[in-house]
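The values are calculated or read from the model by the stated rules, or taken from the named source; none is laboratory data. The structure presented is a predicted model; accordingly, all values stated were derived computationally and were not measured. Neighbour counts are summed over all protein chains in view; Cβ atoms, including those assigned to glycine, are modelled from backbone coordinates with ideal geometry. The area values use the complete protein model at the heavy-atom level, side chains included, leaving out ligands, DNA and RNA. Shrake-Rupley method; radii C 1.70, N 1.55, O 1.52, S 1.80 Å.
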Amino acid sequence: METTDRDTLVIPLEGVESEHCAMIVDNGLKQLEGVTTHKVELNNNRAIINETKAYNILPNAVKAIRDLGYGVTTVKKSFPVLNMTCASCAISAQTILENTKGVAGVSVNYANNRAAVEYIPTITNPKALQAAMRSIGYELMIDETESAHDTLEELHQQKFRKLKRKTVGAILLSVPVVAIGMFFMHMPYANYIMWAFSTPVIVWLGKDFFVNAWKQAKHRSANMDTLVALSTGIAYLFSVFNTLFMEVWHSKGLHAHVYFEAATVVIAFILLGKLLEEKAKGNTSSALKKLIGLQPKTVTILNKGESEEIPIVNVAIGDTIVVKPGEKIAVDGTVISGKSFVDESMLSGEPLAVEKTEGSKVFAGTINQKGSFHFKTEKVGDATMLGQIIKMVQDAQGSKAPVQKLVDKIAGIFVPVVLGIAVLTLVLWVTLGGDNGWTQGILSLVTVLVIACPCALGLATPTAIMVGVGKGAENGILIKDAESLELGRKVNAVVLDKTGTITEGKPKVTGIEWLKNDNSTQSVLYSIEKQSEHPLAESVIKHLAQSETVHVHHFESITGFGAKAEVTGKTWFVGNKALLNQNEVTIATKLLDTANRWLSEAKTVIFFSDDKQALAVIAISDEIKETSIEAVRQLQESGIEVYMLTGDNQQTAKAIAKKAGIAHFKAEVLPGDKSAFVQQLQSEGKIVAMVGDGINDSNALTQADVSIAMGKGSDIAMDVARMVIISSDLMKIPIAFQLSKQTVAAIKQNLFWAFIYNVIGIPIAAGALYPVHGFLLNPMIAGAAMMLSSLSVVS
């Protein structure tokens with residue numbers, strides 16, 4: 001750590017390259033409240049701030065510096081948090097982390113039990129963050145190895161099993177208490193038997209509520225545990241007092257009621273609610289588990305020429321990895337020897353295997369097919385493409401939708417307000433309730449504390465976001481942040497890049513012309529292509545599927561050109577024009593004209609020849625996907641305008657747009673024009689989604705309200721976009737917008753029920769209906785209602 005003085009902050013800066021820049025930052029820091037002295041050291045690239053209020057300055061300082069256009073060196077990490085029991089816990093955990101020196105930003109999500117923390121590594125570190133969390137009874141898991149994933153899974157399982165045991169125990173012990181309280185109240189020693197059964201529920205099974213409430217109280221905060229601990233604790237102590245000192249009430253002519261059954265059943269119900277909530281939360285992260293399951297656990301490396309199997313966590317950058325047929329590729333890297341075809345469908349959604357030769361990139365989670373090869377590792381662990389996808393899903397599930405920020409504020413003040421209402425209820429009952437005022441007052445206080453449920457409120461948005469993001473991931477749609485998920489439903493204009501977005505990605509033979517219409521050598525072409533492993537050869541084989549096979553000798557693949565082989569003692573070539581030119585093969589004018597026409601229509605052209613002249617020319621093109629046409633139709637039917645942009649010529653653009661059913665298109669568009677076009681649509685008041693896959697789309701993606709990248713596209717496009725379609729199927733876009741509508745509807749519905757529940761429940765619990773109907777809510781029923789409110793939200 002760079003500083004020991006608690007009132008001094010050292011902030012590492014980026015992009016401050018001159019005294020003028022330093023002066024701008026210095027003036028910006030001057031505006032901050034709570035800063036006593038400050039200076040910007042240009043040579044050390046840092047700002048030093050002395051502050052009066054020891055902590056909360058840092059997030060404001062970082063924001064101020066970034067708003068001025070300069071950077072601050074921070075680390076962003078997401079950590080699992082254990083021991084959180086309700087939505088208010090997430091707020092307590094977030095508050096303690098926000099007040100930890102060196103932390104620039106925090107988002108704690110109760111729904112997926114994770115804390116996303118941005119901190120300055122020279123001021124704090126994960127160990128310090130962990131210590132801060134432990135001080136209020138939560139655990140931050142900072143081990144980031146592969147085994148930590150397993151440990152975390154095991155810890156969650158243990159927690160679930162422990163909670164299950166407690167719940168079953170509490171229910172079993174509550175049954176006799178309820179039976180006696182309801183039906184056998186007058187049997188001898190009834191109160192003492194109930195006391196005996198209740199004590200383990202309160203002291204042992206419900207102990208965590210009291211421990212957590214005490215930790216909160218020490219930090220002058222309160223959460224759901226505070227409510228449960230106070231309500232059941234008061235009910236239990238009141239009942240013990242009434243059991244031991246009955247005569248106090250009898251002397252006043254009153255019956256000494258006991259509420260052991262209320263205390264035990266409330267704890268049993270709330271434990272049951274937590275158990276079911278935990279189970280539901282486990283289900284929402286199944287998409288993540290599926291992705292993590294794509295990573296192999298072990299890998300074979302070459303160590304001093306010898307093959308050696310090691311755990312994936314021990315793989316280092318620069319290792320040489322051996323990949324055998326059928327194996328999963330463990331990490332990202334570049335092929336250094338051998339060749340094969342690799343199934344990358346889990347990343348791209350494309351069923352066509354991709355050829356890998358020396359110099360090709362390979363990615364973690366993809367599956368090798370027939371050949372074997374060696375590759376050098378370049379990215380390991382979380383840095384791999386699969387690791388990035390997993391991280392995107394985790395970050396998105398942990399991100400907060402704009403509506404959640406309001407909910408967080410409400411949940412933060414909710415518990416103190418409920419405590420205030422509970423005390424007020426007691427005071428009103430004691431002053432206005434006559435002879436039974438104290439008894440009814442304490443009962444109502446207990447009921448108010450039990451029925452109030454910030455959990456339903458706190459869970460409303462995160463669970464909907466988690467399920468939305470999880471469902472997206474299952475459908476091959478990576479949603480990187482909650483904001484995009486919330487905004488998707490408002491989109492009314494979609495801009496599509498043509499190449500790689502609307503087109504198929506599966507080459508097909510769309511035309512074949514033979515010299516003098518003589519196709520007598522078709523079986524030779526078919527047999528040579530059958531020897532080739534190139535995807536273009538695959539399309540020719542499919543096209544000529546009815547041909548006979550002849551014997552091929554000395555087949556040779558010529559990388560970048562095509563192939564040559566011997567059949568019936570003669571040499572034949574299949575490949576591009578350059579291959580024929582190299583081997584001095586003549587091409588007839590008619591074939592050449594046809595080839596040029598096809599090239600102008602953006603088709604791939606291959607030639608077939610013997611050693612003297614070209615015998616045929618074949619057009620292979622990347623056709624429009626059937627799903628593109630359907631996706632465009634669906635988007636237009638839902639009232640969304642569809643635009644196509646392409647760098648291609650007007651003729652090709654027109655043909656593709658017509659086929660796809662797109663009315664608005666623009667051809668010969670430069671990368672910069674795409675962004676301007678999006679801006680133009682926005683200036684007309686449209687909410688624009690941009691869909692692209694190339695580096696040339698990245699500006700437009702940044703400009704758009706909702707940016708969607710195709711998974712097989714460039715890293716930059718995927719990095720900039722807020723949504724990624726892992727396959728390149730445009731049908732996923734209407735699904736993404738539908739998911740957005742459903743998620744926002746679920747959030748609104750959840751918030752409605754959570755608010756309504758509390759607005760109606762708390763006054764009834766306080767006894768609002770008593771003067772009218774003589775109705776008082778039993779604390780047991782309140783506990784059940786609280787459990788149901790959380791469950792209605794999670795389910």
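Annotations
- Note on Glu486: accessible area is roughly 40 Å² with a 1.4 Å probe, heavy atoms of protein only.
- Using the Cβ of Gln742 as centre and a radius below 10 Å, the other residues enclosed give a net charge of +3, where K and R count +1 and D and E count -1.
- Neighbours of Val201, meaning other residues whose beta-carbon lies under 15 angstrom from its beta-carbon, give a summed charge of +2 when Lys and Arg score +1 and Asp and Glu score -1.
- Ligands, DNA and RNA aside, Trp598 has an accessible area near 20 Å² when probed at 1.4 Å.
- Other residues within the sphere of radius under 14 Å centred on the Cβ of Leu302, judged by their own Cβ, net out at -1 (K and R +1, D and E -1).
- Spacing of the two label points (7 Å from each Cα toward its C-beta) at Arg161 and Ser520, in nm: 7.9 nm
- 17 Å tail of the calculated P(r), the stretch 604-684, as % of Cα pairs: 61 percent
- Within the accessible area of the stretch 549-615 (1.4 Å probe), percent carbon and sulfur: 49 percent
- Centre separation in Å (Cα based) which lies between the stretch 22-51 and the stretch 61-106: 21 Å
- Cα centroid separation - the stretch 161-199 against the stretch 545-620, whole Å: 87 Å
- Amide H to amide H, with H built 1.01 Å from N, Ile624 comes under 5 Å of Glu504, counting only residues 5 or more places away or on other chains.
- By accessible area with a 1.4 Å probe, ligands and nucleic acids excluded, highest first: order of Met246, Met133: Met246, Met133
- Against the empirical 2.2 N^0.38 Å (N residues), the stretch 467-597 has a Cα radius of gyration ratio of 1.60.
- Rounded accessible area per residue of the stretch 550-608, 1.4 Å, Å²: 56 Å²
- For the stretch 44-142, applying the loop criterion from DSSP together with a ceiling of 15 other beta carbons within 10 Å to the trypsin sites (Lys or Arg not before Pro) yields Lys53.
- Beyond 26 Å in Cα-Cα separation lie the following of the pairs Lys127/Lys471; Lys471/Lys654; Lys603/Lys666: Lys127/Lys471; Lys471/Lys654.
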